Amino acid sequence: MKSMNKRLIKFLGNERGGIAIMLMSLILLICCILFLVIVLDYLNLSKTQNKLKNDLNRAVHAASLSIDEIQLSKGYFKLDTSTPGLSAQDMFYHYLQVNMGLNAANKAIEGSILQEGSSVVINELVYADWESNTIVNLNVKPTSCTISTTYHVSCSVTLNAGTDKEIQRTIDQTIVGPSVLAIISTSHKGIGRLIDDEPLLIPAVQEVYFLKR
C-alpha cells in the first residue's frame, strides 16, 4: 500500500512539473511572437518612411523645375506659380500622387505603400522666392514658414500636441536660389490590434542653384 502511495505521489509530482513546463513554453512562445510582430512592424515602418521620403523629394524636385520663363527672360530667376498644370504646386501634387499612389483627394489607392484609404495631409507647401526674399504659400492652409534677410527659412509642424503621440518636424536652413519646401503627414498602420498606428511627419526641401557666369 505504501509503495502504491509513493508511486502515486511521484506520478502527480511529474504531472505538475509537466504542466509547469508547458505553461513556461507557452509564455515563451507568446513572447517570441510578440517580439517578431514588433520587429516586423518596425521594418515595415522604416520601409514606409523611406518610400514616402523619396516620393516627397521627387515631388518638391518636380515643383522646383517649374521656372517662370517670362520672368527669366527679364533676368529674374523665379518659379511659375500661376500657369494651370505647369505651376510649381500643380507639379508637386501630380508627382506626389503618382509616386505615392494617391487619388485627387490625396487618399491612398490600391497599390500604394500606405493602407488603402489612408490620407496624406500637406501641412506645409511653400515657395521661398529668393529674388524678393519672401515666402509664397502654395497650400490651402496658413503657413508657419518664415524667411530672414539672410535667406534662412524656418518651418515647424506639430501633431497631437500634449499627448503621448506628439510629433514635431522642422525645416531650419539657409537656402540658395528659389526653393520649394514641404512637410506632409500621414499614419503608419500597425500590425493587427497589437500595435497602435504611428503618426508620420516628413519634411523635404529642394533648392534651385543659380550660378552666374
Accessible surface of His94 - all protein chains present, 1.4 Å probe, nearest 10 Å²
90 Å²
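Which sequence of Met91, Met22, Met100 reflects their accessible areas, 1.4 Å probe, from the largest down?
Largest accessible area first, the residues go Met22, Met91, Met100.
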Could you tell me, in Å, what Rg and Dmax come out for the Cα atoms of the chain?
27.7, 113
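What value, in deg cm²/dmol to 500, does the helix sum -39500 (n - 2.57) over DSSP H runs of n ≥ 4 give at 222 nm once divided by the residues of the chain?
Working: 3 runs with 81 residues, N = 213.
Computed mean residue ellipticity for the chain: -13500 deg cm²/dmol.
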Calculate one ³J(HN,Hα) per residue across region 25-37 by plugging θ = phi - 60° into the Karplus curve 6.51 cos²θ - 1.76 cosθ + 1.60, and present them in order as whole Hz with x for glycine and proline.
5, 5, 4, 4, 5, 4, 4, 5, 5, 4, 4, 5, 4
Which of the chymotrypsin sites (Phe, Trp or Tyr not before Pro) across region 125-213 are loop residues per DSSP, with 14 or fewer other Cβ within 10 Å?
Tyr209, Phe210
If amide H atoms are built 1.01 Å from N in the plane of the peptide, which residues on other chains or at least 5 residues away come under 5 Å of the amide H of Gly190?
Asp197, Glu198
So what J values fall out for region 171-186 if you push phi through Karplus, 6.51 cos²θ - 1.76 cosθ + 1.60 with θ = phi - 60°, rounded to Hz, Gly and Pro as x?
10, 8, 7, 8, 9, 10, x, x, 9, 10, 10, 9, 9, 10, 9, 7
Partnerless Cys - the chain, beta-carbon criterion under 4.7 Å
Cys31, Cys32
Would you grab the residues whose amide H sits under 5 Å from the one on Trp130? Only those 5+ places off in sequence or on another chain, please, with H modelled 1.01 Å from N.
Ser179
So how far apart, in nm, are the two label points at Val39 and Glu166 if each is 7 Å from Cα heading toward Cβ?
3.4 nm
Residues with amide H under 5 Å from that of Ile171, placed H, sequence gap 5 or more:
Cys155, Ser156
At a probe size of 1.4 Å, how large is the accessible area of Val176, to the nearest 10 Å²?
70 Å²
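The values are calculated or read from the model by the stated rules, or taken from the named source; none is laboratory data. Source: prediction; values computed, not measured. Quick reminder, even Gly has a Cβ in these numbers, built from the backbone with ideal geometry, and neighbours come from all protein chains shown. Note: accessible area is taken over every heavy atom of the protein model, side chains too, but ligands, DNA and RNA are not part of it. Shrake-Rupley method; radii C 1.70, N 1.55, O 1.52, S 1.80 Å.
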